[in-house]
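What follows is a short report on a single structure.
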Amino acid sequence: MLPRPPFIMRLTSVTVLQLLVLLMASITSAQSSHYFPDSQIVLDMAVLSHSVYHLRKKVQSCHTLINLLQEEMAHESSSSNNQTDEAQDIYQRLLPNGTECLHYHHDYSLGTQVLVVRSSLHKYVAVAYAGTDDWNTMLKDGEIFTSDFGPNPTDNSTNDDVQDNNNISPIFQGVPEGVRVHRGFNSAVFDNDGFHTILNCISSARLGGNCDDNGSVGDTNMDTHSLSSPYQLFTTGHSLGAADSVLLGAALHLAYPNEKIRSINFGCPKVGNIKWSFWIDSLQPDKGGQTTASSDDGDIKKSGSGSFEIFRFVNKIDLVPRLPELLWFTHAGHTLQMSVGGDIRAYYDHLGNEDLGYAGVPFGWEAAAYAFLPGALASHISKHYVEYLEFYPPNQPSTNSSNVSTLYYVRDFERVEDNAQVYSYA
């Protein structure tokens, strides 16, 4: 056999190399898309974050919501013979399809609204926070002040089990030294038995049980006695409620260190200091799939096989994610920038990671909102987040042939070589 000409050998080598590059790119792309929450979960979280605002000063629990709707239906249509069914129909317009209300509480002293739902359709339990009742009070009280992350040992709790903190405080011993968070946000989540109540609810709900509202309300055919495996946990919220959802997610990670927990939130302000950011970012599954905490000698030790991830959606030039402006506050988790035209760009850990080739938010991102303040304020409205996600349907299908219906709003993080040098929301 005659030997191959040199140019054919070179051509063959180049072709094989190109094929290998294309194969690796395909594998990386598939893995990246599966890293992000699918579009329906994201939309569910956006709807919950928006809907919880509508419960303010109208209801006291999941069941008083139904009573209110029954009264409204009776007023609108006195001829109805089945007000409960019609009220249920209206109730389902408020929450995502397939979800049931398990717990709702409004703490007027803290300005904290929290809603717990379960989806039998997508097999999750989600906790949604609304923004605070009084912006001025929250920001004036805590804008420049930070606190340790977790419940305050001196909290005047009304629950005897929480007063001595014996059943909650130990889980926060894994928080690294020096982690500080926004004092007002921390208070909204942990004061007045808030975290204890939510933790008890989730412990029951993720296994198919109910919470303290004497049964669930909503769209469900579930046998609530037990589940074969626990449902996934999500936290969500908008604005200051988004910040609360981040803190709750971190606390749930400490309570369930072997579980995969995600916070998908919208218009979230900065929550903690740089040590908070480093710690939270270390809990992601792509950092080795292990939760970490600082030991007494400063080394990192493994404390579980679970993970905690934050996906912060930012609508155009929304002002609030740029706040507070103080240097000691920084973002943790990934920034998903929503732009005009439907593009969503994902920025790894907000500031990027050069070792992995991922870009951070472009230069000028922090200042962009101040170029057109009315637009920045309008971009923050919770309804606009929902409308954006509904108007721009995802066009990134899963490459997993066994689940071709799964879609993603974004497939991969922005790369260093592709990232724009100056921020533009257009």
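Here are the numbers for the structure shown:
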item	result
Global geometry of the stretch 328-395, whether rounded, prolate or oblate, following the gyration tensor of its Cα atoms and the 1.5 cut on a/c	oblate
Length added when fully stretched, Q60-N353, from 0.36 nm per residue minus Cα-Cα	101.0 nm
R0 of 41 Å, Cβ-Cβ distance L326-L121: FRET efficiency to nearest 0.05	0.50
Candidate residues R118, R180: accessible-area rank, largest first, probe 1.4 Å	R180, R118
Spin-label model distance (nm) - Y53 vs Y108, 7 Å beyond Cα toward Cβ	2.2 nm
Members of K123/K275; K57/K316; K57/K123; K260/K316; K58/K383 lying beyond 27 Å, as alpha-carbon distances in this model show	K123/K275; K57/K316; K57/K123; K260/K316
Accessible surface of D355 - all protein chains present, 1.4 Å probe, nearest 10 Å²	150 Å²
Residues with amide H under 5 Å from that of T235, placed H, sequence gap 5 or more	V127, R262, S263, I264
Simple label model, 7 Å out from Cα along Cβ direction - L207 to V340, nm	5.3 nm
Inter-probe distance in nm under a simple model that places probes 7 Å from Cα toward Cβ, at S305 and N258	0.7 nm
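The values are calculated or read from the model by the stated rules, or taken from the named source; none is laboratory data. This one's a predicted model, so the numbers in the text were calculated from it and none came from an experiment. Cβ sites come from the backbone with ideal geometry, for glycine too, and all protein chains shown count toward neighbours. Only protein heavy atoms, including side chains, enter the accessible area calculation; ligands, DNA and RNA are left aside. Shrake-Rupley method; radii C 1.70, N 1.55, O 1.52, S 1.80 Å.
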